[in-house]
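Novice: Sharing a structure below in C-alpha cells format, with a few things to ask.
Just so you know, all these numbers are worked out from the coordinates, no wet-lab data involved. Fair warning: this is a prediction, and the values are worked out from it, not measured in the lab. Here the Cβ is made from the backbone with ideal geometry for all residues, glycine too, and neighbour counts use every protein chain on show.
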Amino acid sequence: MSAGADVVIGPLEDGVVVLTLARPEARNALRHQTMIELADAIERLDADADARGIIIAGGQKAFAAGADIAEMAALDGPALLAHPRTLAWQRIWRAGCPLIAAVEGWALGGGCELVLSCDLAIAGAGARFGQPEITLGWMPGAGGTQRLARSAGKALTMQLVLTGDQIDAEAARAAGIVSEVVPSGTALSRARTLAQRIASHPRQATRLAKQAVLRAFETPLSEGLREEHASFRHLASSEERAARMATFLRG
Ligand code: DAK
C-alpha cells in the first residue's frame, strides 16, 4: 500500500484498486493536491492491464465536501482556465477503466461531481448529496449541471443547483446518481464486490462497453448505435470472446 498525502492507494487485489480520500479532518475537501494525486493515480492504473476496476472511497463522515474553499477563494476565472486541477478533472474523465464510487457521508459540490464522474456509485444509507456552490455565489464546474441533469433530470437538478439543498441516499438512488443504497458503513464492501465482478470480465470488452454507454450522453441515437455496432463487431473478432464462448460451449 502506498500513501500520498491526500489519496491512499490500496493494493491491487483481484484486479481492483481502492483509492481512498484521506483528509477526514477537512471532510476530504478536494484541494489541488488531492485532485492531482487522484488524477495521477487513475491515469497510472488506467494504463495497467492488470487493473480492471478503480474504486474511489472517502471516510465514514464524508466522501468529499467539495473543492477546498480556502484554495478556491484564491483562484479567479483566468487562473482556473488551465489550472492543474481543471486538467485533473479532464484526466479523470478520460479513464477507460471503470470507476466506482463508494459513498458514505457527504458528497457535496466537487465531491458530488466526483461521484457523477464515476461509472457507477454505491451509497451507504447515511450518504448526502448536494451542489451547494450557489450558496458561495458560484455554480458547479466539474459537470454538476450536465451529468446531474442527464441522470436526475431537469427538475431535481434545478432544485439542487439553485437551492444548494441536499438529498439523501435513497433520493440519490431514485435520481440515478447511485445505483444501490446499502447499510451505512458497507458501501466500500459492496463496491468491491461489484468491482471484482467487473474485473473478472475481459478488459477490452469492459472498456468498449463503458465507452459505448458514455457515448449515449454525447451523441444522437443514430450515431450512438453506429458506434455501438462498430465496437460490438470489433469484439466479435477478439480472441477473448472466442475463448470465453468456447469455454461456455464446452460446458
Ligand atoms: N473546503 C475547505 N474546508 C472544508 C470544506 C471545504 N469544502 N468542508 C469542510 N471543511 C473543513 C471545515 O472548514 C472544518 O475545518 P476546521 O474548522 O476544523 O479547520 C472541517 O473541514 C470540518 O468541517 P465542519 O466543522 O463544517 O464539519 P461538519 O461535520 O459540521 O460539516 C459539511 C460538514 C461538509 C456539511 C460542512 O463542512 C460544509 O458545508 N462544507 C462546505 C461544503 C461546500 O460548500 N462545498 C462546495 C465547495 S465549492 C472545479 C470544479 C469543481 C469545483 C471547483 C473547481 N474546476 C473544474 C477547476 C467545485 C467547487 C466546490 O465544490
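Novice: Could you work out the relative contact order of the chain, using alpha carbon pairs under 8 angstrom and six or more residues apart, expressed as a whole percent? Provide the component values of the computation, followed by the final result.
Specialist: On the way: 456 pairs, mean separation 42.8, N = 251.
Taking the mean separation of contacting Cα pairs over the length of the chain, I get 17 percent.
Novice: Project the alpha carbons of segment 177-251 onto their principal axes and report the range along each, largest first, in whole Å.
Specialist: Principal axes ranked by extent give 43, 40, 16 Å for the Cα atoms.
Novice: 5 Å is the cut-off here: which amide hydrogens, built 1.01 Å from N in the peptide plane, fall below it relative to VAL18, excluding neighbours closer than 5 in sequence?
Specialist: Here GLY10, ILE55 satisfy the definition.
Novice: Here's something else I'd like to know. Using θ = phi - 60° and the Karplus curve 6.51 cos²θ - 1.76 cosθ + 1.60, what whole-Hz ³J(HN,Hα) does each residue of segment 120-131 get, with Gly and Pro shown as x?
Specialist: Result, ordered by residue: 8, 9, 10, 10, x, 4, x, 5, 10, 10, x, 10 Hz.
Novice: Please give the charge dipole size of segment 1-76, origin at the Cα centre, charges +1 on K and R Cβ atoms and -1 on D and E Cβ atoms. Round to the nearest 20 debye. Working shown, then result.
Specialist: Working: 6 positive and 13 negative charges, 66 e Å.
Charge dipole of segment 1-76: 320 debye, to the nearest 20.
Novice: Determine ³J(HN,Hα), in whole Hz, for all residues of segment 12-21 in sequence, where each value follows from phi through the Karplus function 6.51 cos²θ - 1.76 cosθ + 1.60 and θ = phi - 60°; x replaces Gly and Pro.
Specialist: 7, 10, 6, x, 10, 10, 9, 9, 10, 6
Novice: If a/c stays under 1.5 just call it rounded; otherwise compare a/b with b/c (prolate if a/b is bigger, oblate if not). Do that for segment 1-93, with a ≥ b ≥ c from the square roots of the Cα gyration tensor eigenvalues.
Specialist: Numbers: a/c = 2.78, a/b = 1.46, b/c = 1.91.
Verdict is oblate for segment 1-93.
Novice: Please report, in debye to the nearest 20, how large the charge dipole of segment 70-125 is about its Cα centre when each Lys and Arg carries +1 at its beta carbon and each Asp and Glu carries -1 there.
Specialist: Numbers: 3 positive and 5 negative charges, 40 e Å.
Value, rounded to 20: 200 debye.
Novice: GNM on the chain, C-alpha springs below 10 Å: top fluctuator among VAL115, VAL213, VAL17?
Specialist: Looking only at VAL115, VAL213, VAL17, the largest GNM fluctuation is found for VAL213.
Novice: Next up: Give the long-range amide H neighbours of VAL182: residues separated by 5 or more places, or on another chain, with amide H under 5 Å away, using H modelled in the peptide plane at 1.01 Å from N.
Specialist: When sequence neighbours closer than 5 places are left aside, the close amide H contacts are ALA123, GLY124, ALA125.
Novice: Here's another thing I want to ask about it. For the pair ALA155 and LEU235, what calculated FRET efficiency results from E = 1/(1 + (r/R0)^6), where r is the Cβ-Cβ distance and R0 = 30 Å, to the nearest 0.05?
Specialist: Details: r = 38 Å, r/R0 = 1.26.
My answer for the efficiency is 0.20.
Novice: Where nothing but the Cβ of Lys and Arg (+1) and of Asp and Glu (-1) is charged, how large is the charge dipole of the chain around its Cα centre, in debye to the nearest 20?
Specialist: Numbers: 26 positive and 27 negative charges, 141 e Å.
That gives the chain a dipole magnitude of about 680 debye.
Novice: Can you compute 3J(HN,Hα) from phi for each residue in segment 46-58, using the Karplus curve 6.51 cos²θ - 1.76 cosθ + 1.60 with θ = phi - 60°, rounded to whole Hz and x for Gly and Pro?
Specialist: 5, 8, 9, 5, 7, 8, 10, x, 10, 9, 10, 10, x
Novice: Taking square-rooted eigenvalues a ≥ b ≥ c of the alpha carbon gyration tensor, is segment 36-162 rounded, prolate or oblate, where a/c under 1.5 means rounded and, failing that, a/b exceeding b/c means prolate? Mind dumping the intermediate values first?
Specialist: Values: a/c = 1.64, a/b = 1.18, b/c = 1.38.
It is oblate, given that a/c is not under 1.5 and a/b is not larger than b/c.
Novice: Right, next: What 222 nm value per residue comes from the helices of the chain, counting each DSSP H run with n ≥ 4 as -39,500 (n - 2.57) and dividing by all residues, nearest 500 deg cm²/dmol? List each step's numbers first, then the result.
Specialist: Details: 12 runs with 119 residues, N = 251.
It lands at -14000 deg cm²/dmol.
Novice: Please find the FRET efficiency linking LEU81 to PHE217, where r is the Cβ-Cβ separation and R0 is fixed at 25 Å, and quote it to the nearest 0.05. The partial results should precede the final answer.
Specialist: Details: r = 24 Å, r/R0 = 0.98.
Once rounded, the FRET efficiency stands at 0.55.
Novice: What percent of all Cα-Cα pairs in the chain falls into each 10 Å bin, going from 0 up to the bin containing the maximum distance?
Specialist: All Cα pairs, binned at 10 Å, distribute as 7, 30, 36, 19, 6, 1, 0 percent.
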